[in-house]
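**Student:** Just dropping this structure here.
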Amino acid sequence: MIKGILFDKDGTLIEFTATWHQVITYILNDLEKKFYLNQQIIADLKEVSGYEDSGFIKESIIQYYSTTQIIEKWYDTIAKYGDMNSITKSLLLELFETNAVREDVDIKLLDGVKDLLSYLNDRGYFIGIATADTKHSAEFSLKKAKIYDYFDYIGADDSKNEAKPCPQMALDFCEKVGIDRRELLIVGDSVTDMIFAKNAGADFIGVETLYNNSNQFIENNYRTVDMIYKIIEEFNL
């Protein structure tokens, strides 16, 4: 019997491209105009990130890596050119943090999310978030989307948590709300989320999006939905 539901954030509850293409554009602009990285380095950062003018390529690192992992990838990409122009990992983190919480960043809930969270809350389910974002940016986006108060737990990329697919956030959620991992449903849009659920010993359902290959969920015998609220019917919640 399901008692707790742990959601991925971007691509599952919040529209991924509307937020993160804007954020990454701001960061790249800062690196080019404030820190004078040349256009070849910027082009390499775009390529490694799966960044295109209109969005991101399917299964890009911006969608699935933690902020810390993205910064590592970017730092290594810049370091290949030798002259770092005062670029440090701490600076890159600062750029991610400041640009992700700009007031003009578009935070758009996917269809049916608020009604689903209200429904689950009314029926006494424990609700959590397990995201690759930093805690600061995750809380900002949830508050701006006016869904922050629905969550009993927010797991994010900080000094306390290991990134998905390590099961730590799922196990911490279960411990906090007092449920067994077999009573946990994880909802996400990536293979990383699927492996995260496997590692935690929890059930999983995949959300179909333009940015993933949902066949990978089906091939691993997991159900999928094309709209988030359909998990109610799939699991008789």
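The values are calculated or read from the model by the stated rules, or taken from the named source; none is laboratory data. Everything numeric in this text was worked out from a predicted model, so none of it was measured. Cβ placement follows ideal geometry from the backbone for every residue including glycine, while neighbour counts extend to all protein chains displayed.
**Student:** Could you list, in sequence order, all residues of the range 130-167 that are of a type in the set (Phe, Trp, Tyr) and either touching a Ser or Thr at 6+ places or on another chain (Cβ under 8 Å) or crowded, with 22+ Cβ neighbours inside 10 Å (or both)?
**Tutor:** Tyr150
**Student:** Just give me the residues in the range 27-46 being surrounded by fewer than 18 Cβ atoms within 10 Å (Cβ to Cβ) and under 20 Å from the mean Cα position of the chain (by Cα), in sequence order.
**Tutor:** As a first pass, look at the range 27-46 and keep what is surrounded by fewer than 18 Cβ atoms within 10 Å (Cβ to Cβ): 29-30, 32-36, 38-40, 42-44, 46.
Once the filter is applied, which keeps residues that are surrounded by fewer than 18 Cβ atoms within 10 Å (Cβ to Cβ) and under 20 Å from the mean Cα position of the chain (by Cα), the range 27-46 yields only Lys46.
**Student:** Please verify whether the range 171-178 includes one or more residues that are in a loop (DSSP other than H, G, I, E, B), at pLDDT 95 or above, under 19 Å from the mean Cα position of the chain (by Cα) and more than 18 Å from Tyr64 (Cα to Cα).
**Tutor:** First, the residues of the range 171-178 that are in a loop (DSSP other than H, G, I, E, B): 178.
In the following step, the residues that additionally are at pLDDT 95 or above were identified as 178.
Subset that is under 19 Å from the mean Cα position of the chain (by Cα): none.
Checked the range 171-178: no residue is in a loop (DSSP other than H, G, I, E, B), at pLDDT 95 or above, under 19 Å from the mean Cα position of the chain (by Cα) and more than 18 Å from Tyr64 (Cα to Cα).
**Student:** Please go through the range 200-237 and give me each residue that is part of a helix (DSSP H, G or I) and over 16 Å from Gly128 (Cβ atoms), ordered by number.
**Tutor:** Asn215, Gln216, Phe217, Ile218, Glu219, Tyr229, Lys230, Ile232, Glu233, Glu234
**Student:** Would you mind finding the one in Glu52, Glu15, Glu97 that is surrounded by fewer than 20 Cβ atoms within 10 Å (Cβ to Cβ), among the acidic types (Asp, Glu) and farther than 25 Å from Lys144 by Cα?
**Tutor:** Selected residue: Glu52, the only one of Glu52, Glu15, Glu97 that is surrounded by fewer than 20 Cβ atoms within 10 Å (Cβ to Cβ), among the acidic types (Asp, Glu) and farther than 25 Å from Lys144 by Cα.
**Student:** Which of (1) of a type in the set (Asp, Glu); (2) under 26 Å from Thr98 (Cβ atoms); (3) in contact (Cβ under 8 Å) with a residue 40 or more places away in the chain is the odd one out, the single condition Asp158 does not satisfy?
**Tutor:** Against the list (1) of a type in the set (Asp, Glu); (2) under 26 Å from Thr98 (Cβ atoms); (3) in contact (Cβ under 8 Å) with a residue 40 or more places away in the chain, Asp158 comes up short only on (3).
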